[in-house]
Every structure is written in C-alpha cells, then in structure tokens.
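K.L.:
Could you have a look at this structure, given as structure tokens, before my questions?
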Amino acid sequence: MGKQKPSVREVHHSHSPKRSLWWFFLVATCIKVLLFPSYRSTDFEVHRNWLALTHSLPLSQWYFDETSPWTLDYPPFFAYFERFLSIFANLIDPQIQKLIWSLIVWSPMLFIVDHVHFQYNGFLIGILLISLSYLEEGRDLLGGFVFAVLLCFKHLFAVAAPVYFVYLLRHYCWGGMIRGFSRLLIMGGVVTAVFASAFGPFFHLGQIQQVIQRLFPFGRGICHAYWAPNFWVFYIMSDKGLAFIFRKLGFSIQTPTASFTAGLVGDSSPFSVLPQITPFVTFIMVLLALSPCLFKAWKNPQPQMISRWIAYAYTCGFLFGWHVHEKASLHFVIPLAIVAAQTLEDARHYFLLSIVSCYSIFPLLFEAQEYPIKVLLLLLHSILMWSGFSAQFYDGTEGNSGATMKKGFVIGWVERIYLIGLVVIEIWGQILHPLLLGDKFAFAPLMLISIYCAFGIMYSWIWQLVYIVKSL
C-alpha cells in the first residue's frame, strides 16, 4: 500500500492562521533583535528615567520630580506600567540596555519608532485595536472600558473620545428612557472606575492639578522640533513667505526670536504676519473637522464603520492638533490597516498613506548607520503590500478575443507621480543638497520632507472624509 495522501482538512489545518501568525511573530522578533545595537533617541533616555523614577521614588513624588529634564508627563496607568517594567529591568539589567518589548504587529513605522527610536506605540495601539474589535463585535461596554484604560496609559489618544462618546451614546445607551438611562449609568460607572483607579492616588495626595499640568504642557508651542507633515506646515510657510515679501516691500516685520527647527521641545517662534494660534483654536478646528464623522456616528451608528471613524478622528487630530509629533501618524495608519483589504479603493489609499507616513518619520533616524535600515524596511513593506494586494484583488477575465485579461492591484498616475516625488525629495536631501549647497540651508531637506508629505496626509484626510460623507 502506498502512502495515503493527506486530506483537504489536514492540509488546511497544517496551514492554520494561528500557525502562520506565530511564524510572522518569530521572524519579526528576529529582525527586531538585529536592531539592538542601533541608534536610540532621547525617548529611550526618557523611558529609562521613568523606569528609574517610578522604581526609586514614592508615588507622591512621581509628578513632582525634576532631577532630570525627562519629567513624567504620561497618565498614571502608563506610570504604573513603567513601575511594573522597572521590577524586571532592575532584576535583569540595571542599565536597561537589553530592555525590549516584543510586538506582533509588523509595521516599518513600528520598527523605526518603537524598536530604534524607542517608544511603546505598538503596545498602546494594540489596546486601541482590542477596543475597536469589541465595538465591531457589538460588545460596547467592553470597548468603552478598554478605551478608558487606553486613555489612562496615554492621553493623546483622547482625540477619538468625541467619536467614542457619540457612538456609544447612540449605539449602546439609546433606546427607551429606563433602558437608556440605566446603560448610561453603567457605562459612566465603568469609565469613572477606570479613571478613579488611575488618578485616585494622586487625587488623595492633593496632586491632581500637578498631574494635569504635566499631561497638558500647552507652553510647548504649536509645532514640535521637527515639523509633523500637517496643516500647520502650510500655515508656517505662508507666514514666512508673507514676511519675506513684506520685508522686500519695505514693511517692518518682526524677526522671530526662535527657530521652528532648532530641535528644542518647548521653543516655537511667533508668527510674523498671520494670526497667532492658541490651543483653543486648534481644539475648535479639530472638532469642526470631526463634525461630519460625529453626525454619521449619531445618525447611523454602524459597528463596521467604527474603525474608519476612529482612524479619521486621529487623522483630524494629526492635521489640526496642537504640538503634534510626526510619530502620531501611527494612530490612524495602523487602524486603517484593518479595512485596507476590504475594497480596491481602500487598498490604493492605504498603499499611498502607509508609504508617505513611513517616509515622513525618516528624519527620526538621522545617523548614517541607520539609513539602510529605514530604506530597506520601507522598500520591503511596499513590496509586501503590492504583492498582498495584487493577490487579494487579482481577477482573470476573458476578453473579446478569447485571451485572458488580468485585473489586479494598480494605482493611478497621480499617485505614481507623487510617490516618484518622494524618491526625488530623498535624492535631493541625501545627495544633491550636500553636493551643491554643502552646509547652507541645512533645514531645507527636513522642510521639504514635511511639506511634501503634508500633501499626502491631506489627501488621505480628504479621501477619508469623502468616504465617510458618502457612506450610508
């Protein structure tokens, strides 16, 4: 008797999704291990200090300690998380040089930001994805609970809070006076309990005002040291352009005393011509940008749309928010991956957005030895996306002549030209600018990256907005 062929069922189980996921995790972890010797940003020192701070000081001093410039400015749950990690860091390696946090999500942005630049975005976005998963399954109470936990880890995720509030109020609480009011009390009680467990100890110590001041340091200015590719890039450039023109015309225009590209968090130059922007103005702009999404969430709260709405909310916060970091694009790029394969248009949009967002954080890795890493990560990611989307949307149809016509993943000529422009920007910054201008206008390559990528992010925002408005 010959060897019996495996059944279809056995073949199917041999390639189960769980087994494939473990292989992806293993390969991704191996790549992350290779990044151990690479560059570490000041964020690495920030988290090292927070580990030391929470481990060596009593809770009452966490938000008052100023022995280091890296003061604790995250909500209490993240402080508790750092305290938890400090236990193992102290046991394994007091210098914390080998501290890692393995992530399952395979993203070049997460590789660059978390495993080279050093942050905890993958861990936090994982909590967000758990919340979205619960909401999509109709388990609204759990979704709201997990999101409240997320806010107590990192308050910058609060940009999506209006969407959560409207959606949960309409989808979970609405429906009759008694039922609606009771569910509102339940949801409110759960959220209150989460925040009480996080902030309660500091409220008991009378330090809640100090904690709030640390969490919301509005004195840092509208822009980060490296301009995030958002709306304010165009505002800044317009102000500088108008100031230059008016000076040429003989007007007396105040020269800014600080530089937008000086690299000092907390320093932002005043605008010379255009009106000054305050945190309240950015808050109103974010709310106005969110209003179509909030209207849709109230009119027809569909669980299958929640990931798109939350991603759109974080896009609005990224474009119009106060003191936005370029790394915050992760907040909407990763959730949009959930819906990227639903339609061909979604795939095209995500393909462009993920490449632009990843390229926009290239300046975070500025040392020569890291250059091949970020380029290869982006190229590999682009190839994998193209291959995956091509397989997903492949369609062989027979034409009039009887020949098979292949329809698959393609992008439009406008998108192609724009992506080619990224290559031109990179060639200019890495080769032509140093060759032709030397050390002159050293800020220009970074400025070009911010401005050019801002067009791509604005395109994504408009694309998402149109999709949401047109949705039923």
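K.L.:
Probe radius 1.4 Å, ligands and nucleic acids left out: which of Trp227, Trp386, Trp463, Trp428 has the largest accessible area, and how do the rest follow?
P.N.:
Working: Trp227 15, Trp386 100, Trp463 45, Trp428 75 Å².
Listed by decreasing accessible area, they come as Trp386, Trp428, Trp463, Trp227.
K.L.:
Still on this model: In the neighborhood of Phe246, defined by Cβ-to-Cβ distances under 15 Å, what is the net charge if each Lys or Arg adds +1 and each Asp or Glu adds -1? The partial results should precede the final answer.
P.N.:
Working: positive: Lys240, Arg247, Lys248; negative: Asp239.
In short, +2.
K.L.:
Amide H neighbours of Cys223 under 5 Å, counting only residues 5+ apart in sequence or on other chains, H built in-plane at 1.01 Å?
P.N.:
Sorted by chain and number, the residues that satisfy this are His323.
K.L.:
Let me ask something additional. Please give the length that would be gained between Ile178 and Phe244 if that part of the chain were fully extended, namely 0.36 nm times their separation in residues minus their C-alpha to C-alpha distance (nm, one decimal). If you can, show how the numbers build up before the last one.
P.N.:
Values: separation 66, 0.36 × 66 = 23.76 nm, distance 6.33 nm.
In short, 17.4 nm is gained.
K.L.:
So if I take the centroid of the Cα atoms in region 311-386 and the same for region 227-244, what is the distance between those two points in Å?
P.N.:
Each part reduced to its Cα centre gives a spacing of 22 Å.
K.L.:
Note down the accessible area of Thr71, probe 1.4 Å, to the nearest 10 Å².
P.N.:
40
K.L.:
Can you order the peptides 363-370, 234-241 by their average number of other Cβ atoms within 10 Å per residue, highest first?
P.N.:
Working: 363-370: 14.2, 234-241: 15.9.
Taking the mean over residues of other Cβ atoms within 10 Å, the ranking is 234-241, 363-370.
K.L.:
Which FRET efficiency value, to the nearest 0.05, do you get for Ser60 and Ser272 by plugging their Cβ-Cβ distance into 1/(1 + (r/R0)^6) with R0 = 51 Å?
P.N.:
Values: r = 45 Å, r/R0 = 0.88.
So the FRET efficiency works out to roughly 0.70.
K.L.:
Please compute the length gained on full extension between Glu367 and Val466, using 0.36 nm multiplied by the number of residues separating them and subtracting their Cα-Cα distance. Walk me through the intermediate numbers first.
P.N.:
Details: separation 99, 0.36 × 99 = 35.64 nm, distance 3.97 nm.
Working it through step by step, the gained length comes to 31.7 nm.
K.L.:
Hey, another quick one. Quick one: if you stick a label point 7 Å off each Cα along the C-beta vector at Gln210 and Ile130, how many nm between them?
P.N.:
Label at Gln210, label at Ile130, 3.1 nm between them.
K.L.:
Still on this structure: Between Val190 and Arg170, what length in nm is gained on full extension when 0.36 nm per residue of separation is reduced by their alpha carbon distance?
P.N.:
Numbers: separation 20, 0.36 × 20 = 7.20 nm, distance 1.73 nm.
This chain segment gains 5.5 nm when fully extended.
K.L.:
Report the percentage of all Cα-Cα pairs in region 159-246 whose separation exceeds 15 Å, rounded to a whole percent. Please report the intermediate quantities before stating the final value.
P.N.:
Working: 2921 of 3828 pairs.
Roughly 76 percent, once rounded to a whole number.
The values are calculated or read from the model by the stated rules, or taken from the named source; none is laboratory data. None of these values were measured; they are calculated from a predicted model. Cβ: placed from backbone, ideal geometry, glycine included. Neighbour counts: every protein chain shown. Ligands, DNA and RNA are stripped out before the accessible areas are found, and what is left, the full protein with its side chains, is counted by its heavy atoms. Shrake-Rupley method; radii C 1.70, N 1.55, O 1.52, S 1.80 Å.
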